[in-house]
1. So in the range 141-152, with the set limited to residues that are over 18 Å from the mean Cα position of the chain (by Cα) and exposed (fewer than 15 other Cβ atoms within 10 Å of the Cβ), which one is nearest to residue 30 (Cα to Cα)?
2. Taking the range 47-88, which residues are touching a Pro at 6+ places or on another chain (Cβ under 7 Å) and in contact (Cβ under 8 Å) with a residue 12 or more places away in the chain?
3. Output yes when any residue across the range 88-109 is within 29 Å of residue 143 (Cβ to Cβ) and either under 13 Å from the mean Cα position of the chain (by Cα) or of a type outside the set (Lys, Arg) (or both), and no when none is.
4. Could you tell me which residue of the range 20-62 is nearest to residue 5 (Cα to Cα), considering only residues that are of a type in the set (Ser, Thr, Tyr) and surrounded by 15 or more Cβ atoms within 10 Å (Cβ to Cβ)?
5. Evaluate the following for residue 4: is it crowded, with 18+ Cβ neighbours inside 10 Å, within 17 Å of residue 137 (Cβ to Cβ), of a type outside the set (Gly, Ala, Ser) and under 16 Å from the mean Cα position of the chain (by Cα)?
6. Could you please give the count of residues in the range 54-98 that are more than 23 Å from residue 27 (Cα to Cα) and either of a type outside the set (Phe, Trp, Tyr) or touching a helix residue (DSSP H, G or I) at 6+ places or on another chain (Cβ under 6 Å) (or both)?
7. Given the condition among the acidic types (Asp, Glu) and in a loop (DSSP other than H, G, I, E, B), answer yes or no: does some residue in the range 113-126 qualify?
8. Any residue at all in the range 77-99 that is part of a loop (DSSP other than H, G, I, E, B), surrounded by 11 or more Cβ atoms within 10 Å (Cβ to Cβ) and at pLDDT 95 or above?
Amino acid sequence: MRKVILDLAVTLDGFIEGPNGEVDWCILDDDMDFQGFLSGIDTILYGRVSYEMWGNFQPDASASEIEKAIWEAVHAKRKIVFSSQERQDSKATFSNSGIPEKIAEFKQQEGKDIWLYGGAKLITTFVQHGLIDIYRISVHPTVLGAGKPLFQDLKERLNLNLVQVNRFKSGVVQLIYEYKS
């Protein structure tokens, strides 16, 4: 069965973006093998706001070849956008209801794993419904002091089992957890 993987960068103090939406603190080391992660998924799940910001992002001409290759790989994936707004988009499928049912259906389909990209509201919904199988959290060596927290409005404790720790030359530490139901 396919798994839903939350793969996300977070600051040391638990924020996924700064108070003004900034993510300039995110580091992409060549030893992180993000392309390897992308090769293991075939579907990306977005909330509407995250999709509008990043779903069709194109790096500028001065970006590294690795960054360009990563974005090309991202854009080659199937994209599902969960939104209360109905919309037609040739690059994504929009869905406005039944997240738990849709995810159960996706997990039963043939294919690779599924990346839960975000945003914060969608992540909270997935956490509250126990829909995330793997939490792949990359903790960056930055403290913002304010911003959008990764975990908010949780109604129950979340119990996880640490399965792997990766340390990168930049000081980023990646923690990979499985959800304990």
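1. Start the filter on the range 141-152 by keeping residues that are over 18 Å from the mean Cα position of the chain (by Cα), which leaves 141-146.
If we keep only those that are exposed (fewer than 15 other Cβ atoms within 10 Å of the Cβ) too, we end up with 141, 143, 145-146.
Details: 141: 17, 143: 23, 145: 28, 146: 28 Å.
Checked the range 141-152; the qualifying residue nearest to residue 30 (Cα to Cα) is 141.
2. Step one: list which residues in the range 47-88 are touching a Pro at 6+ places or on another chain (Cβ under 7 Å), which gives 67-68, 71.
Correct list: 67, 71.
3. The first filter runs over the range 88-109 and keeps only residues within 29 Å of residue 143 (Cβ to Cβ), leaving none.
Checking the range 88-109: not a single residue is within 29 Å of residue 143 (Cβ to Cβ) and either under 13 Å from the mean Cα position of the chain (by Cα) or of a type outside the set (Lys, Arg) (or both).
4. Initially, the range 20-62 is screened for residues of a type in the set (Ser, Thr, Tyr), giving 39, 43, 46, 50-51, 62.
From what is left, the residues that are surrounded by 15 or more Cβ atoms within 10 Å (Cβ to Cβ) are 43, 46, 50-51.
Details: 43: 10, 46: 12, 50: 16, 51: 17 Å.
Here the residue is 43.
5. Numbers: crowded, with 18+ Cβ neighbours inside 10 Å: yes; within 17 Å of residue 137 (Cβ to Cβ): yes; of a type outside the set (Gly, Ala, Ser): yes; under 16 Å from the mean Cα position of the chain (by Cα): yes.
So residue 4 fits the description; yes.
6. Of all residues in the range 54-98, those more than 23 Å from residue 27 (Cα to Cα) come to 78-98.
Retained after the next criterion (residues that are either of a type outside the set (Phe, Trp, Tyr) or touching a helix residue (DSSP H, G or I) at 6+ places or on another chain (Cβ under 6 Å) (or both)): 78-93, 95-98.
The number of residues fulfilling the criteria is 20.
7. Start the filter on the range 113-126 by keeping residues that are among the acidic types (Asp, Glu), which leaves 113.
Then drop every residue that is not in a loop (DSSP other than H, G, I, E, B), which leaves none.
No, every residue in the range 113-126 fails to be among the acidic types (Asp, Glu) and in a loop (DSSP other than H, G, I, E, B).
8. Looking through the range 77-99, at least one residue is part of a loop (DSSP other than H, G, I, E, B), surrounded by 11 or more Cβ atoms within 10 Å (Cβ to Cβ) and at pLDDT 95 or above.
The values are calculated or read from the model by the stated rules, or taken from the named source; none is laboratory data. In this text the structure is predicted, and so the values were computed from the model without any measurement. Positions of Cβ are generated from backbone atoms using ideal geometry, with glycine treated the same way; all protein chains shown enter the neighbour counts.
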